[in-house]
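The values are calculated or read from the model by the stated rules, or taken from the named source; none is laboratory data. Keep in mind that this is a model prediction, so the values were computed, not measured. Using ideal geometry, Cβ is built from the backbone for each residue, glycine included, and neighbour counts are taken over all protein chains shown. Quick note on the areas: whole protein, heavy atoms, side chains included, nothing else; ligands and nucleic acids left out. Shrake-Rupley method; radii C 1.70, N 1.55, O 1.52, S 1.80 Å.
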Amino acid sequence: MPRYSPAFLSQILILILVLILIPGTSYSRTLKACGHPFYPPVSWVSNQQLTGLAPAITQQLFAELGYSVELRSGYNWKRCLLEVQQGNADIVVAAYRIPSREAYLGFSSQPVIADPVTLFVNRQNPMPFTGLGDLKGKIAGLLLGDSFGESFDQFLRQNNRIEYVSRNRQNFEKLARQRIDFMPIGLLSGRLQSRKLGFHEQVMPLEYPVSTEFYFLAVGRNSGLQQHLPFLSRRLQEMYQDGSINRLTDYYSLIYLDQTAAESSP
């Protein structure tokens, strides 16, 4: 990862302060939000706090609407989705928009970030891969609750043995020891995690992307927040156009890599 100048980091810190501190806001209600605990720079848990570009953006946009957002960090990804489905939480800070989630989540029309998905494999014994047909019969490692688009999810269910884990470090360890054949994950997040967790020499991404998915800001259908989706979508588009999201992506990538292993090990 590149090192950034003090001036660049100062600009980012100012942006973060603007995202969090909105003077004169009168909060009408405190909302509960959760997110993926192991997906930097989008969101991850560090020191029992949910952090990343998606939590920061969520707090900013809902503050503009007059809400305070409490970020919940004690859930795995599957439990986060279930909490919102059951009405115990209001917001998922970033999630793929897939049909199975439409029944209980309303999504922004503008994504938070694009997420090219690729396959991570063992570096010393890479799996030959020219297309999805090469994956048939292989062992896939997935995190509980993970989805990589409806089409690819269905392919995995029909053609692969899937081993589920609750923490991403377990999948990297299995891949390094060749106990699984591949692990699908977003390219940027996979690269960050493999370096941070010390597996860069043992695992690598394949060049062939299986899909490009998008993370959207989502609100529970029981939350009463769906009326705000047009505003949220417009503001996300503005943040994309003025470069704010790209700057936050770089900033939180650097934050993740600079954390100690104890703070961020998933």
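An ellipsoid equivalent to the stretch 116-266, defined through the eigenvalues of its Cα gyration tensor, has semi-axes of 29, 21, 15 Å when rounded to whole angstrom and sorted largest first. For GLN110, what is the net charge nearby, where nearby means another residue's Cβ is under 10 Å from its Cβ and Lys, Arg count +1, Asp, Glu -1? Once all neighbours under 10 Å are counted, the net charge is +1.
Neighbours of HIS200 by Cβ distance under 12 Å: Lys/Arg scored +1, Asp/Glu scored -1, total +3. The helix-only estimate of mean residue ellipticity at 222 nm for the chain, built from DSSP H runs of length n ≥ 4 each weighted as -39500 (n - 2.57), is -11000 deg cm²/dmol after division by the residue total. Surface composition of the stretch 146-266: carbon plus sulfur atoms contribute 43% of the solvent-accessible area (1.4 Å probe, protein chains only, all chains present).
Across the chain, the relative contact order, built from alpha-carbon pairs under 8 Å that are at least six residues apart, equals 27 percent. Taking all protein chains as shown and a probe of 1.4 angstrom, ASP250 keeps an accessible surface of around 60 Å². Taking the accessible area of the stretch 44-126, probe 1.4 Å, and keeping the other protein chains in place, the carbon and sulfur fraction comes to 40%. With the alpha-carbon atoms of the stretch 73-165 aligned to their principal axes, the span from lowest to highest coordinate is 44, 27, 24 Å, starting with the largest. Each Lys or Arg adds one and each Asp or Glu takes one away; over the other residues whose Cβ falls under 13 Å from the Cβ of SER151, this sums to -2. Computed over Cα pairs, the Kirkwood radius of the stretch 151-228 leads via Stokes-Einstein (1.002 mPa s, 20 °C) to a diffusion coefficient of 143 µm² per second.
Largest first, the extents of the alpha carbon coordinates of the stretch 95-141 on the three principal axes equal 42, 22, 18 Å. Quick one: compute a quarter of the convex hull surface over the Cα atoms of the stretch 139-187 and quote it in nm². Approximately 3.3 nm², given one-decimal rounding. Taking θ as phi - 60° and the Karplus parameters 6.51, -1.76 and 1.60, the scalar couplings of the stretch 41-52 work out to x, 5, 6, 7, 9, 9, 6, 6, 10, 7, 9, x Hz in sequence order, x denoting glycine and proline.
Probing with 1.4 Å while keeping every protein chain in the model, the per residue accessible area of the chain equals 45 Å².
Quick note on the chain: its Rg to Rh ratio, both from C-alpha atoms and Rh being the Kirkwood radius, is 0.97. Helices meeting the span-like rule in the chain (full DSSP H runs, Cα extent of at least 20 Å along the helix axis, mean Kyte-Doolittle score of -1.0 or higher): 6-20, 244-258.
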